[in-house]
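Worksheet for the structure shown next.
The values are calculated or read from the model by the stated rules, or taken from the named source; none is laboratory data. Since the model is a prediction, treat every value here as computed from it, not as a measurement. Cβ placement follows ideal geometry from the backbone for every residue including glycine, while neighbour counts extend to all protein chains displayed. Heavy atoms of the whole protein, side chains included, go into the accessibility calculation; ligands, DNA and RNA do not. Shrake-Rupley method; radii C 1.70, N 1.55, O 1.52, S 1.80 Å.
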Amino acid sequence: MLNKPVLVESLTVLIMVLSVHAVVWDRYSWCALALAIQAFYVQFKWDRLLQLGGAVFQFRTAANSGLLPASMVTPLLGIVMKERCKSAGIVYFERFGIVVASTGMLVALFLSVIAVGITKPVPTNTCILTGIAGSIIIYTMKHSLTVSEVIEVLEVLLIFVYLSMILLYLLPRCFTPGEALLVLGGISFVLNQLIKRSLNVIEGRGDPIDFFLLVAVVGVILLGLFFTVLFIFMDSGTWISSMFFHMMTAVLGLGVIMPWLYRLIQRNPLFWLLQFLFQTQTRVYLLVYWTFLAASACGVVFYQNAKRSSESKKHQASTITRKYFHFIVVATYVPGLIYDRQLLYVAAVLCLAVFIFLEYIRYFRIKPFGQTLRHLLSLFLDERDSGPLILTHIYLLLGMSLPVWLFPRSCAPKGTLSGAGALVPYSGVLAVGVGDTIASVFGSTMGEIKWPGTKKTVEGTMTAIFAQIIAVALILIFDTSVNLNSSYAWILASVSLVSLLEAYTTQIDNLLLPLYLQIMFMA
């Protein structure tokens with residue numbers, strides 16, 4: 001049986017799915033509903049496999065499979081993107097939204113088939129549901145996608161299969177099945193898009209900052225895979241290995257990643273980046289301000305470690321201490337969203353690449369900073385960092401950045417969407433920076449009434465909703481480009497549902513909540 005938290009989590013997700021399709025009902029809505037119903041039942045199988053240790057790979061413990069909430073993110077994102085671009089008359093991105101939705105459905109269905117296939121005895125009823133959902137999805141894809149789009153969807157699925165086998169084997173206990181679906185599915189889609197655009201670079205279609213994102217993400221992932229294979233055969237903690245690590249990073253960066261980016265943007269990447277960063281005086285002020293905040297964040301890390309006495313080696317940072325970084329991230333993103341979103345877009349990509357590179361140094365114990373990073377970051381570990389990688393700070397950055405990166409700029413007249421869609425770039429700030437932070441702080445200090453079956457409190461959820469509504473009011477005051485067009489009831493409902501999901505989900509909320517809030521705002 002599913003426990004109460006999983007039931008409430010599933011019910012919340014189903015309400016959001018129905019709410020979105022009440023606004024944008026079409027043929028893909030039947031596919032999404034069929035996928036949601038079968039994913040709900042397949043959760044039983046994944047949870048049972050995780051409890052009995054029968055899953056093929058080692059997944060993160062102390063969490064349910066999270067299959068339903070993860071399965072619906074990409075299909076819903078593609079559907080609302082399709083509708084927005086259809087309204088704007090941008091056919092290319094309308095078709096792109098259809099491909100995104102179809103890819104998300106097929107990859108989620110594949111993960112469900114895996115769970116059903118390895119469950120013993122074979123669950124007949126779940127097999128029938130999965131078959132019906134698969135038939136509906138494939139029939140709709142057959143009558144909606146062109147041959148080239150079908151090939152593109154199958155390419156992403158193939159990349160996902162191979163990437164899952166490699167990374168889930170190399171990184172045990174880092175993901176739940178749902179988190180693996182979101183993270184590895186996203187990487188697979190980005191890699192396929194980069195290959196596709198590299199082959200069609202003559203068309204000259206695309207913004208340089210989009211190419212920068214694609215190359216940076218794929219580059220750091222390939223870098224990690226290369227060193228993982230390399231350090232199987234040699235000790236990564238020696239000075240010789242560390243020198244080889246830094247040398248090969250420079251070689252791969254300057255010899256592969258930079259020429260790849262040059263081919264896409266047709267100019268020197270370093271000159272383009274420097275010109276972009278220092279193009280206006282506003283950008284210089286923002287960069288100086290962000291440098292100060294980065295130094296402040298480092299100061300918090302050093303200060304908290306200095307407080308850790310030698311007698312309390314097992315001491316961990318409190319929830320409130322970890323939320324300091326949420327406040328710093330909010331202070332970082334809000335000025336960027338108001339004054340220069342393109343600069344924020346590129347700065348977030350650079351920051352992601354730096355975070356992942358530093359995690360490589362910590363994980364492989366690369367001298368001279370590897371052991372120091374291990375010691376400094378161990379203070380901030382929680383139950384979600386049960387695998388060899390520390391990913392919570394990377395998830396925080398992704399949760400704040402994904403609404404900025406996934407904002408359909410080409411389908412937004414004058415750079416903003418109408419109604420609640422104007423708040424899409426702020427989804428990460430609202431859901432994670434404000435909502436999750438306030439819920440944790442107030443819930444852990446003043447909360448007394450707990451939601452059934454969880455450690456989260458009703459007071460924390462209520463204050464989170466109230467804080468996000470205040471934040472929306474402040475955004476209206478300071479960002480003149482935001483015009484909500486009386487869509488206040490929809491905003492309140494969206495914020496409330498996402499806050500309820502935060503109270504009941506055991507998945508990485510930093511990653512999941514901003515995506516659902518973005519979907520609700522875009523609908």
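Note on region 366-388 and region 241-278: Cα centroid distance 27 Å, given to the nearest whole angstrom.
How large is the accessible surface per residue of region 24-205, computed with a 1.4 Å probe and reported in Å² as a whole number? It would help to have the intermediate numbers written out before the result.
Details: 7770 Å² over 182 residues.
Accessible area per residue, region 24-205: 43 Å².
Once you reduce region 431-472 and region 9-30 to the center of their Cα atoms, the two points are 25 Å from each other. Ligands, DNA and RNA excluded, the heavy atoms of I15 present near 70 Å² of accessible surface to a 1.4 Å solvent probe. Between the amide H of T457 and those of W451, distances stay under 5 Å, these residues lying 5 or more places away or on another chain, with hydrogens modeled in the peptide plane.
If you take the beta carbon distance between S481 and F369 as r and set R0 to 41 Å, what does 1/(1 + (r/R0)^6) give as a FRET efficiency, to the nearest 0.05?
Numbers: r = 41 Å, r/R0 = 1.00.
Approximately 0.50, to the nearest 0.05.
3J(HN,Hα) along region 152-168: 4, 4, 5, 5, 4, 4, 5, 4, 4, 4, 5, 5, 5, 4, 6, 6, 5 Hz, from the Karplus curve 6.51 cos²θ - 1.76 cosθ + 1.60 with θ = phi - 60°, whole Hz, x for Gly and Pro. To the nearest 10, the accessible area of S148 is 80 Å² with a 1.4 Å probe.
Taking all pairs of distinct Cα atoms, average 1/r, flip it, and tell me the Kirkwood hydrodynamic radius of region 24-205 in Å to one decimal place. Kirkwood hydrodynamic radius for region 24-205: 16.9 Å. Taken about its Cα centre, region 402-467 carries a charge dipole of roughly 200 debye when the Cβ of each Lys and Arg holds +1 and the Cβ of each Asp and Glu holds -1.
My understanding is that a pair violates if its Cα-Cα distance is over 21 Å; which of K4/K45; K4/K450; K45/K450; K323/K456; K4/K323; K120/K142 do that in this structure? Listed pairs above 21 Å: K45/K450; K4/K323; K120/K142. For a straight C-alpha distance cut-off of 18 angstrom, the aspartates and glutamates reachable from K367 (same-chain residues fewer than eight places away being disregarded) are D235, E359. Among (1) -0.28, -0.52, -0.64, -1.04; (2) -0.35, -0.61, -0.73, -1.01; (3) -0.19, -0.38, -0.50, -1.02, find the value of log10 I(q)/I(0) by the Debye sum over Cα atoms at q = 0.05, 0.07, 0.08, 0.11 Å⁻¹ that was calculated from the structure presented, and write down its label. The calculated read-out lines up with (3).
Return one whole number: the accessible area per residue of region 255-400 in Å², for a 1.4 Å probe. Write out the running numbers ahead of the final one.
Details: 7670 Å² over 146 residues.
About 53 Å² of surface per residue is accessible.
How much of the accessible area of the chain, probe 1.4 Å, is carbon plus sulfur, in whole percent? It is 69 percent, rounded to a whole number.
Among the cysteines of the chain, those whose beta-carbon sits 4.7 Å or more from every other cysteine beta-carbon are C31, C127, C174, C298, C351.
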